[in-house]
Amino acid sequence: MGLVGTISPHIGNLTFLRVLHLSRNMLHGEIPREIGGLFRLRYLSLSANALMGDLAKLNLSSCVHLRDLFFARNGLQGNLPTAFRFLPNSKKLQALSLDDNRLTGGIPPTIGNLSSLQKLGLEKNHLKGRIPHEITRCWDLNLLSLAINNFTGTLSPSFFNMSSLQTISVSENSLEGTIPSYIGDTLPNLEIFYFGGNKFHGTIPISFPNASKLQILEVPQNHLVGKVPPSLVSLKSITHLDISNNKLTGEIPRDLQKLPLLQYLNLSFNDLVGEVPTVGVFAVATNVSLLGNKKLCGGIAELKLPPCPVKKAKHTNHLKLMIVIFTCICPALVFASFIAFLTLCWRKEKSLESAKPSKVEQLSKIPYTDLHQATDGFSETNLIGSGSFGSVYKGRFEQGGGEQTIAVKVLDLLKNGASKSFLAECKVLRNIRHRNLVPILTCCSSCDFAGNEFKALVYEFMENGDLDMWLHAHSSNARTTVLSVLQRLNIAIDVASVLHYLHDDCEPTVIHCDLKPSNILLDKDLTAHVGDFGISRLYSHTIGDPIGEQTSTIGLKGSIGYIPPEYGIGAKASTFGDVYSFGILLLEMFTAKRPTDDLFNGECSSLCEYVELALPEEVIEIIDPLLSACLESNHGLIPDVELGNNGNLVEIEESKVHNFFRSIFKIGLTCASRSPMDRMHMNEVSRELQKIKKTFFA
């Protein structure tokens, strides 16, 4: 909606109100107590605003018909046991969301009184203590989200008997204990299971496949041991599987490659051995992460693992010969004893081998020495870029006896906001997955050889650099590499896709805040990957909350030229700000004009105005000069220019060229409208760009 201001106490006069939906606005101040007088209210949503105050001061005891209550993503405070008194004296409440606030204390046992509750969201607060077993009295609970708090202790066995549960998220706490072996039998409706970042030990339950609806299984950064259960291959609905950063041993079950829907598999930083499969999810290097398992071999070439050794048959032949001899000359009992002896010796040898500790056990504890060695001491020859908070180096990291090229972003901790940028980027990237995000491999928070604090992030290396270097000359020489029109459109679609994911499919919503060509990296196939989340925000964080403090000192939320006008007058970061930046980016991609170009200091004041003046008839006059020259040449190629795909630069029928650029520029201008309310949503942008591709390149 875009409402700004406070909620008027006069709202209490609307006594017949049944639905009050004011989410995703810019409302601030306290929630008026008068809302408690709306006794007919059934649905109340104030999420994603900037509301503050003590929740305990609000009294909804008269709202006996209330079924859905959403207060997530605000700045509400208070001790949760005390605050729970604000809830209505009713057993009709089905959904309660207090995620992403500043609540303290523990979950009170009175949670069990909400017997009709189906959805409970308390993640990303400052809650602590044990998760009470009384929560299991909520028999109809299907969504339980308690992640990113400070909960401790073990989970009650009855917790794993709540058969209605579909989504469980308790990641990033300090929970202990084992995951029960029977979990798949008692949670048949389970679809999403987030247990990462805790202290769970023991083995991965072999009964997980009995939860036939399971789609996402993530238990990284725990202390799990043993082998990857072969029974996981029965998870026919699984799309994401992350069991990284544990102490798992043994081989990768080969049948994991047969899982039909598996899109992402992370087995990094365990102590796995043996041959890596090559089909299914293993056939695409970006869909699987195996870093830190130095005894793996084989796999597709892109994984850069060493070849598996050829098995020698010499000892096997000797063993077969001995078996034949003993079979012929010894009684069956002697033969059986001999085989048992050989088996015992073999198992003992294997157990000793598997007992060797993993060299890299925790994602966040990769040593400084490894990064120093990988980058040749952070030498200038490996320096590939620098930004607001540090420098990026190219390096080589050992993996399974082979090498993987990496990019190491070293934070300059003397710069104001650098440490906060590091924390912000870690918190944003640890729970999001998308093919068009720059994959983060690990991080380092340690000390250098001089004892100084050292922080770095490690990413997959992108062979084709950033989009900025493809669009603009960075020296006196002209550009010698040029992206074709179709390649630019594909990059725009990639970026729109990831922003649509961040804005609409992430919970909480992620706002990038610094979208620009230098933060868009291109892999060897020129697929775009959005990176640099150092000043990103989780939607509607208010001044004073943990991540808000990390980014509020950085200043304006973005880079000059890409910052939406409302940020300049103090507006809070929003998804509309990212849309504005995307609009500027889209115009820049097809004009090769930066928004800060000197051209815009004269009669034409901005890139948007420059494009507007050319519409609708003169669009060819403003496109990238190399594309324009290509059109005028009538043969599609320009001497001394290397194309990204060795093909035509424009690739559109001549009669359709004007319509194509008009369509692109209209989307860019709409996204970059001065008023946030006039801008498109990223899901619509993504859809329109796909339509353009289908229309002009079918």
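Any read-out appearing in this document is the output of simple, stated calculations on the displayed coordinates, not a laboratory observation. Keep in mind it's a predicted model, so treat the numbers as computed, not measured. Cβ: placed from backbone, ideal geometry, glycine included. Neighbour counts: every protein chain shown.
Ranked from highest to lowest mean number of other Cβ atoms within 10 Å per residue, what is the order of the peptides 11-19, 207-215?
Values: 11-19: 13.2, 207-215: 19.3.
Most protected by this proxy first, the peptides run 207-215, 11-19.
Compute the distance in nm between two label points, each set 7 Å from the Cα along the Cα-to-Cβ direction, one at residue 447 and one at residue 504.
Calculated label separation equals 5.0 nm.
Pull up all non-local amide H partners of residue 79: gap of 5 or more, or a different chain, and H-to-H distance under 5 Å with H placed in the peptide plane.
104
Checking the table 199/394; 516/572; 128/199; 92/124; 294/524 against a 23 Å threshold on Cα-Cα, which pairs fail?
Values: 199/394 34 Å; 516/572 19 Å; 128/199 15 Å; 92/124 25 Å; 294/524 25 Å.
Result: 199/394; 92/124; 294/524 exceed 23 Å.
Between residue 258 and residue 158, what's the calculated FRET efficiency when r is the beta-carbon distance and R0 is 60 Å? Round to 0.05. Please list the in-between numbers first.
Working: r = 35 Å, r/R0 = 0.59.
Between residue 258 and residue 158 the formula returns 0.95.
Pull up all non-local amide H partners of residue 138: gap of 5 or more, or a different chain, and H-to-H distance under 5 Å with H placed in the peptide plane.
Under 5 Å from the amide H of residue 138 lies no amide H from a residue far enough along the sequence or on another chain.
Contour minus end-to-end for residue 569 and residue 284, with contour as 0.36 nm per residue of separation and end-to-end as the Cα-Cα distance? Walk me through the numbers before you get to the answer.
Details: separation 285, 0.36 × 285 = 102.60 nm, distance 4.56 nm.
Taking residue 569 through residue 284 to full extension adds about 98.0 nm, to one decimal.
Run the quick spin-label model on residue 150 and residue 468: label points 7 Å from Cα toward the beta carbon, then report their separation in nm to one decimal.
3.9 nm
Rounded to the nearest 20 debye, what is the charge dipole size of segment 4-275 about its Cα centre when +1 sits on each Lys and Arg Cβ and -1 on each Asp and Glu Cβ?
Working: 24 positive and 19 negative charges, 175 e Å.
The calculated dipole for segment 4-275 is roughly 840 debye.
Between residue 54 and residue 432, what is 0.36 nm times their sequence separation minus the Cα-Cα distance? Round to one decimal in nm. Kindly include the intermediate steps, with their values, before the conclusion.
Working: separation 378, 0.36 × 378 = 136.08 nm, distance 3.10 nm.
Separation in residues times 0.36 nm, less the Cα-Cα distance, equals 133.0 nm.
Could you tally up the Lys pairs in segment 203-272 with alpha carbons closer than 22 Å? Skip any pair fewer than 8 positions apart unless they're on separate chains. Present the calculation step by step, with values, prior to reporting the outcome.
Details: 213/236; 213/258; 227/236; 227/247; 227/258; 236/258.
Lysine pairs meeting the criterion: 6.
List, in order, the whole-Hz ³J(HN,Hα) value for each residue of segment 296-304 obtained from phi through the Karplus relation with A = 6.51, B = -1.76, C = 1.60 and θ = phi - 60°; use x for Gly and Pro.
Rounded to whole hertz, the list is 7, 8, x, x, 6, 4, 4, 6, 6.
I need the shape label for segment 98-186. Rule: rounded when a/c is under 1.5, else prolate if a/b > b/c, else oblate, with a, b, c from the alpha carbon gyration tensor.
Working: a/c = 1.63, a/b = 1.22, b/c = 1.34.
In terms of gyration-tensor shape, oblate.
Once the other residues with Cβ under 12 Å from the Cβ of residue 595 are scored (Lys, Arg +1; Asp, Glu -1), what is the net sum? Walk me through the numbers on the way to the answer.
Working: positive: 516, 593, 594; negative: 588, 597, 598, 609.
Every neighbour counted, the sum reads -1.
What distance in nm separates the simple spin-label points at residue 690 and residue 380, each placed 7 Å from Cα in the Cβ direction?
Each label point lies 7 Å from its Cα, and together they span 4.8 nm.
Given R₀ = 51 Å, what would the calculated FRET efficiency be for residue 33 paired with residue 527, taking r from the Cβ atoms and rounding to 0.05?
Working from the Cβ atoms, E equals 0.45.
In whole angstrom, how far apart do the alpha carbon centroids of segment 100-159 and segment 61-94 sit?
That distance is 14 Å.
How large is the dipole of segment 120-180 about the Cα centre if only Lys and Arg carry +1 and Asp and Glu carry -1, each at its Cβ, rounded to the nearest 20 debye?
With only Lys, Arg, Asp and Glu charged at Cβ, the dipole is about 100 debye.
Would you kindly state how much longer the chain becomes between residue 40 and residue 139 on full extension, computed as 0.36 nm times their sequence separation minus their alpha carbon distance, in nm to one decimal?
Values: separation 99, 0.36 × 99 = 35.64 nm, distance 2.58 nm.
Length gained between residue 40 and residue 139: 33.1 nm.
Long-range amide H contacts for residue 48: which residues qualify at under 5 Å (H placed 1.01 Å from N, peptide plane, sequence gap of 5 or more or a different chain)?
Residues meeting the amide H criterion: 24, 72, 73, 74.
Do me a favour and compute the ellipsoid semi-axes for segment 4-275 from its Cα gyration tensor, root of five times each eigenvalue, largest one first, whole Å.
Numbers: eigenvalues 313, 60, 57 Å².
Working from the Cα gyration tensor, I get semi-axes of 40, 17, 17 Å.
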